[in-house]
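Student: Quick one: the structure is below, questions incoming.
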Amino acid sequence: MPIILDLFLNFVKIGFFTFGGGYAMISLIEDVCVSKKKWITHEEMMNVTVIAESTPGPIAINCATFVGYKQAGIIGAIIATFGIVVPSFIVIFLVSIFLENFLEIAIVAKAFAGIRIAVGILILNAAYKMIKKMKKQPLAVGILICACVAMLLINIFSFNVSSIMLMLSAGVFSLVLFTIKNTVNNKGGKPL
Amino acid sequence: MIYLELLIGFLKVGCFSFGGAYAAIPLIRDVVLSYGWLSDETISYMIAVGESTPGSIMVNMATYVGSSQAGFLGAVVATTAVVLPAFIIILLLMVVLKTAMNNKYFQAVLSGLKPCIIGIILATGIYMIITRVINPDLRFNIDVKALIVTAILALLMFGSEKIIKKQISPISLIVISAVLGVVLL
């Protein structure tokens, strides 16, 4: 089988059989691309996961692009990325046509009232896991608390400030601080 | 024009969503609400649908919003937009910027960005639960039924790890919450 077709079919399979997003997908990608197909090594897989975590976008997309590119250049990258997106695209497109009518049924509306709470808990759980993994330096903890309070205020009072603005400020703040620290150190001053 | 709005809106999501699906939810909410594409309620329905259907939640959200706003073409535009930044960044990293990840200035930016994102996620989770438990019609009127459901679900999510050594899966939690919703709410 030509590699392009092989890539496409395998990533369609990965896209179709992973529920619940990112991290579930990574284990299947690892299974298919490292163990079965040997397209990439385990180390490469670990590296791309780390890179995926510190670059924006869905993690599974980062992985698909990486494996596709390794195997067949730009075309491979496009095919693998396309393949992993197609199954969910089709499913959600169908859902979007029917969802509105579906939600008007009383019992479904009640079920979704419960689901809304579950989604809140899932988001809290994601935050909890990230906090557990985080290196708890004072600066990081400070930024975390400030961002959390700011975001709550933005939500509660419907301020017209985007979360992107918060992220940009945190990034710039941290960069400025680092640059100052660096300059001071180079001049032989006391490290902060 | 709606296609252009979808393109720009989801490029923003694709560019700024570090750290996986739940990290992207606050951002998606932000963008989707600011354009007035979906209500807060529909967004949480879609997160649940995204959890129970194949694929990455971020991509699912983009497809749904695009389709609900501008049909099939809208879905294609929004999905492409959310995927594009991740695609391009990985290509760039592999082709030209192999050392960029180790650059100390890049790492400095990330070290500020990461805790900020965690704070935003935390706030979004808290806010979503508060708005369910406190009745928005009457000031400080607590919806007791919703509070009970919240307590049960939180106990399941955070308690399961201690009791059965394994955390309950998101899909099981959603199924249980749907049953609780029908029975209690």
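Student: Go through (1) at pLDDT below 85; (2) open to solvent by less than 50 Å² (accessible area, probe 1.4 Å); (3) not in a helix (DSSP H, G or I) and name the single condition residue A:25 misses.
Tutor: Against the list (1) at pLDDT below 85; (2) open to solvent by less than 50 Å² (accessible area, probe 1.4 Å); (3) not in a helix (DSSP H, G or I), residue A:25 comes up short only on (3).
Student: OK, next. Could you tell me how many of the residues in region B:171-185 are at pLDDT below 85 and more than 22 Å from the chain's Cα centre (by Cα)?
Tutor: Here the count works out to 1.
Student: A further question follows. Can you go through B:89, B:57 and tell me which one is in contact with a Pro (Cβ under 9 Å, 6 or more places away or on another chain) and open to solvent by 30 Å² or more (accessible area, probe 1.4 Å)?
Tutor: Details: B:57 fails: open to solvent by 30 Å² or more (accessible area, probe 1.4 Å).
Going through B:89, B:57 in turn, the sole match is B:89.
Matching residues to (1) surrounded by fewer than 24 Cβ atoms within 10 Å (Cβ to Cβ); (2) at the interface with chain A (Cβ under 9 Å from one of its Cβ atoms); (3) more than 11 Å from the chain's Cα centre (by Cα):
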| position | (1), (2), (3) |
| --- | --- |
| B:5 | yes, no, yes |
| B:22 | no, yes, no |
| B:28 | no, no, no |
| B:34 | yes, yes, yes |
| B:37 | yes, no, yes |
| B:69 | yes, no, yes |
| B:81 | yes, no, yes |
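Student: Here is a further query. Using the structure shown, decide if residue B:65 is open to solvent by 30 Å² or more (accessible area, probe 1.4 Å) and assigned to a helix (DSSP H, G or I). Spell out how you get there, then give the answer.
Tutor: On the way: open to solvent by 30 Å² or more (accessible area, probe 1.4 Å): no; assigned to a helix (DSSP H, G or I): yes.
Here the answer is no, as residue B:65 does not meet what is asked.
Student: Report yes if some residue within region A:65-82 is within 26 Å of residue B:16 (Cα to Cα), charged (D, E, K, R) and either in a helix (DSSP H, G or I) or out of contact with any helix residue (DSSP H, G or I) (no Cβ under 9 Å at 6 or more places or on another chain) (or both); otherwise report no.
Tutor: yes
Student: Name the residue that is surrounded by the fewest Cβ atoms within 10 Å (Cβ to Cβ), counting only residues in region B:154-175 that are in a loop (DSSP other than H, G, I, E, B) and within 10 Å of chain A (Cβ to nearest Cβ).
Tutor: In this case the residue turns out to be B:169.
Student: Looking only at region B:60-119, filter to residues that are small (Gly, Ala, Ser) and within 30 Å of residue A:142 (Cβ to Cβ); which one of those is modelled with the lowest pLDDT?
Tutor: Taking region B:60-119 and keeping what is small (Gly, Ala, Ser), we get B:62, B:66-68, B:70-71, B:74-75, B:78, B:81, B:86, B:100, B:108, B:111-112, B:119.
Next cut, within 30 Å of residue A:142 (Cβ to Cβ) only: B:86, B:100, B:108, B:111-112, B:119.
On the way: B:86: 90, B:100: 66, B:108: 87, B:111: 86, B:112: 88, B:119: 90.
Here the answer is B:100.
Student: So residue B:147 fits all but one of (1) more than 9 Å from every other protein chain (Cβ to nearest Cβ); (2) at pLDDT 90 or above; (3) in contact with a strand residue (DSSP E or B) (Cβ under 8 Å, 6 or more places away or on another chain); what number is the exception?
Tutor: So the condition that residue B:147 fails would be (3).
Student: Taking region B:150-170 on its own, how many of its residues are out of contact with any Ser or Thr (no Cβ under 8 Å at 6 or more places or on another chain), at pLDDT 90 or above and under 20 Å from residue B:51 (Cβ atoms)?
Tutor: Of the residues in region B:150-170, the ones out of contact with any Ser or Thr (no Cβ under 8 Å at 6 or more places or on another chain) are B:150-152, B:154-165, B:169-170.
Restricting the remaining residues to those that are at pLDDT 90 or above gives B:150-152, B:154-156.
This time we only want the ones that are under 20 Å from residue B:51 (Cβ atoms), so: B:150, B:152, B:154-156.
Number satisfying all stated conditions: 5.
Student: Look through B:91, B:38, B:33, B:122 and report the one residue that is free of Cβ contacts under 8 Å to residues at least 60 places away in the same chain, in contact with a Cys (Cβ under 7 Å, 6 or more places away or on another chain) and not polar (S, T, N, Q).
Tutor: Values: B:91 fails: in contact with a Cys (Cβ under 7 Å, 6 or more places away or on another chain); B:38 fails: in contact with a Cys (Cβ under 7 Å, 6 or more places away or on another chain); B:33 fails: in contact with a Cys (Cβ under 7 Å, 6 or more places away or on another chain).
On inspection, the qualifying residue turns out to be B:122.
Student: Sort out which residues of region A:56-81 are open to solvent by 10 Å² or more (accessible area, probe 1.4 Å), facing another protein chain (nearest Cβ under 9 Å) and among the hydrophobic types (A, V, I, L, M, F, W, C), and write them in order of number.
Tutor: A:66, A:74, A:78
Student: Taking into account only those residues within region A:28-55 that are of a type in the set (Ser, Thr, Tyr) and within 13 Å of chain B (Cβ to nearest Cβ), which is surrounded by the most Cβ atoms within 10 Å (Cβ to Cβ)? Before you say what the answer is, go through the steps one by one.
Tutor: Kept after step one, since they are of a type in the set (Ser, Thr, Tyr), are these residues of region A:28-55: A:35, A:41, A:49, A:54-55.
Of the ones still in play, those that are also within 13 Å of chain B (Cβ to nearest Cβ) are A:49, A:54-55.
Details: A:49: 18, A:54: 15, A:55: 23.
Restricting to residues being of a type in the set (Ser, Thr, Tyr) and within 13 Å of chain B (Cβ to nearest Cβ), the top hit is A:55.
Student: When you go through (1) at pLDDT 85 or above; (2) within 11 Å of another protein chain (Cβ to nearest Cβ) one by one for residue A:7, which number turns out not to apply?
Tutor: Exception for residue A:7: condition (2).
The values are calculated or read from the model by the stated rules, or taken from the named source; none is laboratory data. None of these values were measured; they are calculated from a predicted model. Neighbour counts run over all protein chains shown; Cβ positions are idealised from the backbone, glycine included. Remember, those area values only see protein heavy atoms, side chains included, never the ligands or the DNA or RNA. Shrake-Rupley method; radii C 1.70, N 1.55, O 1.52, S 1.80 Å.
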